[in-house]
Every structure is written in C-alpha cells, then in structure tokens.
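Comments concern the structure below.
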Amino acid sequence: MSGRRRFLQQFGATAGAFSVHSLFNQLHASEISSANHLVRDMSATKVAAQEDYWSVIQQAYTVNPNIINLNNGGVSPSPRVVQEAVDRYNKLANEGPSYFMWEVLDQGREPLREKLAELAGCNKEEIVINRNATESLNTIIFGLDLKTGDEVIGCKLDYPNHMNAWRQRALRDGIVYKQLSFNFPIENDEEIVAAYEKAITPKTKVIHITHVINWVGQIMPVKKISAMGHKHGLQVVCDGAHSFGLLDFKIPDLGCDYFATSLHKFLSAPIGSGMMWIKQEHISKIWPLLGNGDPRSTNIRKFETLGTRSFPIEQGIGEAINFQLAIGSKRKEERVRYLKNYWAEQVINTPKVSIKTSLKAPYSCAICGVQIEGMSPADLGRTLFSKYKIHTVAIEYESVKCVRVTPHVYTRLPELDKFARAIKEIAATVK
Ligand SMILES: Cc1ncc(COP(=O)(O)O)c(C=O)c1O
C-alpha cells in the first residue's frame, strides 16, 4: 500500500463526519471528529465560546477573507464539502443527463427525504423537497380550500412574497386577509398570542406565522399560537425560512399544520434548495401548485411534479445535513446566538446606537437589527461597506428601521470586533 493511501485510510478511520471525496474533506472530517471529542462533555452554551472548536468549523467554508459577510439571513454560503458534492453531481449529470440524472442521481431522492425527515423529526411521508420557502408557501397558500369570506390572519412583518400570495387569493377568491401590527422586540409570548386570538372571528380559517421575523429576528411563539389556533378550529401555516437549520427544534413539536423553509439559509445547503412539511392528515386536502395526475392523493410526492430541475443542487442537500449533524443543531444554535450577543453587547451602550432586537435567548438567535440615530439605514449600510467592507442589509420597512446583521458559524470574532468598532466610529461622526 502506498504511503499516501495508508495516510488517507488512517484519517478515514477517524473521519465519518461527512463524505470524504477530497483530501481536504478527509482531513477536515477527521479534525471535526477530534474537535467534537474534545468538547463532548460540555454543554452547548459552553461550547459556544470555545474558539478552538469553532476555528475547525470555520475552515469548512471558502468565504472571501477580505469581505465580512454579515447578511447570512439573506442566503448562506455552503461549506466546501457541499460545493464539491454539487460540482461532482453536475459533472456526472453532464456525462449523459437523462441517464445520470433520472436513473442514477434520482435514486438519491428517497434517501434524502429520509435524512431530511430525521433532521426535522417527522415522518418522511410528510416531506417535500423543492427549491425554497417561497415555493413551499405558495403551494400551501394556493393549495388550501378556502372560499369567499374566509379569513386569514397574518402580520405586517411576514415575508412580502407570501403576503402577496395571500393578497392574490383575496383578489381572486374573495378571501379576507387581515394583518396584525407589532412593534418588535416583544419579550412576552402571551402578548403576541393574545393579538392573534383577538383577531379571530367565526370566519377565520388560517393563521400564517413567521417563525423568525426576517426584518428584526424576533422568534415568534409558534407552539403557543398553534395551540391557541387549534382551540379555535384553525389551521396554522408556519414560515420557517430562518429557523430550520438554526434553532434546535423538531417540526411536529411546533404544533403547526404546515411548515416551509429554505435550506440555503442556515442549513448551508446548495443555493436553490427548500423543503415543505405538511401534516399527514392534510396532504390530500392541499391542491398541488403544479398539476399532478392525482391531485387529491395522500402521497406527498404529488407536490414534486416540477419537471426537470437541478438534481446536483438537490442531491447536495445530503452533504449539508451531514455537516449539520457533525456540529449538532443545539451547538450551532448556541454558537450563532453567542456571536450575535458578542457584537451587540459591544455596541449597545454607545451613544446614538440602538439595538432593535431582544438579546434574550427565547426571543432571538442569529438576526439582530442596529440603528444609529441621525443616520438612515441605507447610509449606514453603505458606509459599512464602502469604508469597512462589511456587508449587511439596510431595512426600512413598516415600523422597522435598522441595518440587519446576521453572522453564521463561519464568522470569526475579530470580524465582529471590527464590525462593533465600525459602528462606534460611525456613531461618533454623526452630528
Ligand atoms: C421570513 C422569510 N420567508 C421566506 C423567505 C423566502 O425565501 P426564499 O427566497 O429562499 O424563497 C425569506 C427570504 O429571505 C424570508 O426572510
């Protein structure tokens, strides 16, 4: 046996965290295994502050080292192991698309459904693999049997694509779409639940709730709202675009009826990958968005009649799940929350600076808004990029005015120190 092969086998024996098609991934999987071993007896909140551990995770990403990306809420990069999988599958598909896609790569869809179901803590017969949260929510919103006069309750800080879908149903079918207003942060679940309950009338059929409000990162009490909604005989749709792969929960524990997410956000799956969950008893009642030969079927696959799609992207999701499992969902949640608090606590007492998100664990994780008095969010966002090369997103929407900041597991503390310094310097220059 050659020295190189023996070397690889030796590392392969301790690896196992994810696929090891390249030397880097083989060594890195082994490093993650060793790092996991070193922190195995620590609580997730303690591991959150172990820089040696997270430096191993940071190595998995190939992000530009000169630009600080703090908009992982928009879309997140994939680790190298996921990128390489997509490249491999793409090369394979192009060796003979109809054979390698439909007869080889397609064999991976059912195992992938199983993996996703395991991560989500649900039955695989409730999981749809698709392209993003928008596709999932449009499927649910347009698939529900609702008639003229039926009411749906959402909030003004839900995601625009889905508010538009409900508005389209209102125009087309005469349903009534009501939207609540909230002034986040709110550190009181009961206040939020009560606002939804107060809006219910005998005509209300559905509550649409965003698990993590994308504008300011508020974590909504989905479980409590679902329990309240069910008491009134309503169905609950949950937009989990920013929660799945970040917060440590199992979908059925939320108590909702429908759950939608994008896997290219916190799960770091290939860009253009999503998932929908429909509670088994509802599957037959939801019309597929794209026509299917048996639209009232109880088979969840009736929602996957998309035609030719990117098999490499879809199959790459499997590596993102492996990577997630190698870290552990609870550890990831606590680390990202730690990173958010790390920068926010540095600036919170700076004159003219205000934080727009609760720093208490039950109410936020990754996303946090910051504003400087006397400066528009657009100007702040522009200054952060032009002067410091820090990428964030400026938000001026409904009641929200801030720059939204979202770190991810690959974010390094010195980058957050630089960001906090930048905020203080900019605030000091505002008259
Ligand atoms: C709360 C929320 N829901 C849904 C979406 C839509 O995600 P996608 O563009 O991946 O469909 C987003 C996008 O940022 C979002 O913030």
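Assorted remarks:
- Dipole-positive endmost among Leu171, Pro185, Leu144 within the chain (Cβ charges, Cα centre): Pro185
- Exposure proxy for Leu247, Leu339: other Cβ atoms within 10 Å of each Cβ, ordered fewest to most, give Leu247, Leu339.
- Top positive-direction residue, dipole computed over the chain with Cβ charges, set Leu246, Leu38, Ser399: Ser399
- 3J(HN,Hα) from dihedral phi, segment 406-414, Karplus parametrisation 6.51/-1.76/1.60, rounded to Hz, x for glycine, proline: 9, x, 9, 4, 8, 5, 9, 4, x
- Legend note: in the chain, cysteines whose Cβ sits 4.7 Å or more from every other cysteine Cβ are Cys122, Cys155, Cys365, Cys368, Cys402.
- The chain, dipole about Cα centre (Lys/Arg Cβ +1, Asp/Glu Cβ -1), debye to the nearest 20: 600
- Over the chain, the hull volume per residue, using the convex hull of the C-alpha atoms, is 155 Å³.
- For segment 331-429, the Cβ-based charge dipole about the Cα centre amounts to some 280 debye (Lys, Arg positive; Asp, Glu negative; other atoms uncharged).
- Low-density loop positions, trypsin sites (Lys or Arg not before Pro), segment 294-352 - DSSP coil, at most 10 other Cβ in 10 Å: none
- Cβ-based exposure ranking for Cys238, Cys402, Cys122, in which fewest neighbours within 10 Å come first: Cys122, Cys402, Cys238
- Cβ-defined net charge surrounding Asn66, 15 Å radius [Lys, Arg +1; Asp, Glu -1]: +3
- Taken about its Cα centre, segment 158-309 carries a charge dipole of roughly 600 debye when the Cβ of each Lys and Arg holds +1 and the Cβ of each Asp and Glu holds -1.
- For segment 384-393, putting each phi into the Karplus relation 6.51 cos²θ - 1.76 cosθ + 1.60 with θ = phi - 60° gives couplings of 4, 7, 5, 8, 10, 6, 10, 9, 9, 9 Hz, in residue order, rounded to whole numbers and with x for Gly and Pro.
- Between the amide H of Asn130 and those of Gly274, Met275, Met276, distances stay under 5 Å, these residues lying 5 or more places away or on another chain, with hydrogens modeled in the peptide plane.
A short reminder: the numbers here are calculations on the coordinates, not readings from a lab. These numbers were taken from a predicted model, which means no experiment stands behind them. For neighbour counting, all protein chains shown are included, and Cβ atoms are generated from backbone atoms with ideal geometry for every residue, glycine included.
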